[in-house]
Amino acid sequence: MIESVIVFILGACWGSFLNVCIHRLPKDLSIVKPFSFCPKCKTPILWYDNIPLVSFLILRGKCRACKERIALRYPLVELITALLICALYRHFGLTPNFFKFSFFFSLLVVVSFIDIDYHAIPVYLCFIGIAVGLSWSVWETVRYMETNIPDPLALPFVKTLKNLILGFGFTYLFKFFGDCFISLYLSWRKKESIEGEKESLGLGDVDFMGMVAVFIGIKLAALVFFLAPFFAIIYSVFALIFKRSHLIPYLPYLSAAALTAFFWGDKILGLFFR
Ligand SMILES: [Zn+2]
């Protein structure tokens, strides 16, 4: 119990750092300096006003200096991160995989919230994920070789590389056919674009799915691809009714689907393939 509380607190602090990343990475600002300040009155936020989750409640969601409202998403990101880190700790205990997937889940959080703000993400984010995933598999390969007779196809690095290529290929194929479908639709309706959009999936989605495949394997990544629309459809209905737009940031749904696939994917696949 006490362990879970500590992990939760550390997770919330980590979430606080992810907030900084979400806020500053798209603007090419340093994530280390300067310390946090109020976006409106620029007053530096002191340590006792910067305690994850707690400070938001004590300050009742307002800046101490200028009383400007603090966006609810700051504590939300902290809470989501803390819960995810706790879930991972229960899943893996304090093992190397705990750290590997904490990193992966953190990237999902950062990428999702940046996508909500900008409808795009810095290109390098998914590539950092892929690089870390591949490097990790190199380390696993070294450990594997110590205890097993090397079978080239069973090497973790080879498997991960295969996942990456399939993840890219699979998503790109969908993008290709989706784009064909859209250009047929546009020429049939004699339109230039759908609200300025001509693509079914962005290249960012392809990179993202490559990263997902590196971390959870191609089988679960394929599941992610089919689950995400179900998550998206709920929001899309809202967007259509209230904002009259067809455009939705897609990475949050892919991320939600990736988390679902990670924790329950094998069960879900078991329902369909026996
Ligand atoms: Zn302020």
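No value in this document is a laboratory result; all are computed from the given coordinates. What you see is a predicted model; the values in this text were computed from it and never measured. Neighbour counts run over all protein chains shown; Cβ positions are idealised from the backbone, glycine included.
When the Debye formula is applied to the Cα atoms of the chain, each taken as the same point scatterer, what base-10 log of I(q)/I(0) results at q = 0.15, 0.16 Å⁻¹?
So the normalised log intensities are -1.24, -1.35.
Where the eigenvalues come from the Cα gyration tensor of segment 1-93, what are the semi-axes √(5λ) of the equivalent ellipsoid, largest first, in whole Å?
After scaling each eigenvalue by five and taking roots: 25, 16, 10 Å.
Select from the chain the helices, each a whole stretch of DSSP H, whose alpha-carbon atoms run 30 Å or more along the helix axis and whose Kyte-Doolittle mean is at least 1.6; answer none if there are none.
Numbers: long enough: 2-24 (34 Å, 1.42); 96-118 (33 Å, 1.27); 124-147 (35 Å, 0.77); 156-189 (49 Å, 0.75); 203-238 (33 Å, 1.97).
Helix filter hits for the chain: 203-238.
Using the crude model of +1 on Lys and Arg Cβ and -1 on Asp and Glu Cβ, and no other charge, please compute the dipole size for segment 95-274 relative to its Cα centre, in debye to 20. Can you show the working numbers first?
On the way: 14 positive and 13 negative charges, 87 e Å.
Dipole magnitude for segment 95-274 comes out near 420 debye.
Can you give me the long-range amide H partners of F37? Hydrogens built in the peptide plane at 1.01 Å from N, cutoff under 5 Å, separation of 5 or more residues or another chain.
Those lying under 5 Å, H to H, from F37 are I45.
Projecting each Cα onto the charge dipole of segment 63-176 (Lys/Arg +1, Asp/Glu -1 at the beta carbon, about the Cα centre), which of Y124, L83, Y172 comes out farthest on the positive side?
L83
Output the pairs from K175/K219; K191/K219; K100/K159 with a Cα-Cα distance over 28 Å in this structure; if there are none, say none.
Violating the 28 Å limit, Cα to Cα: K191/K219.
Quick one: order K267, K219, K175 by neighbouring beta-carbon count within 10 Å, fewest to most.
K267, K219, K175
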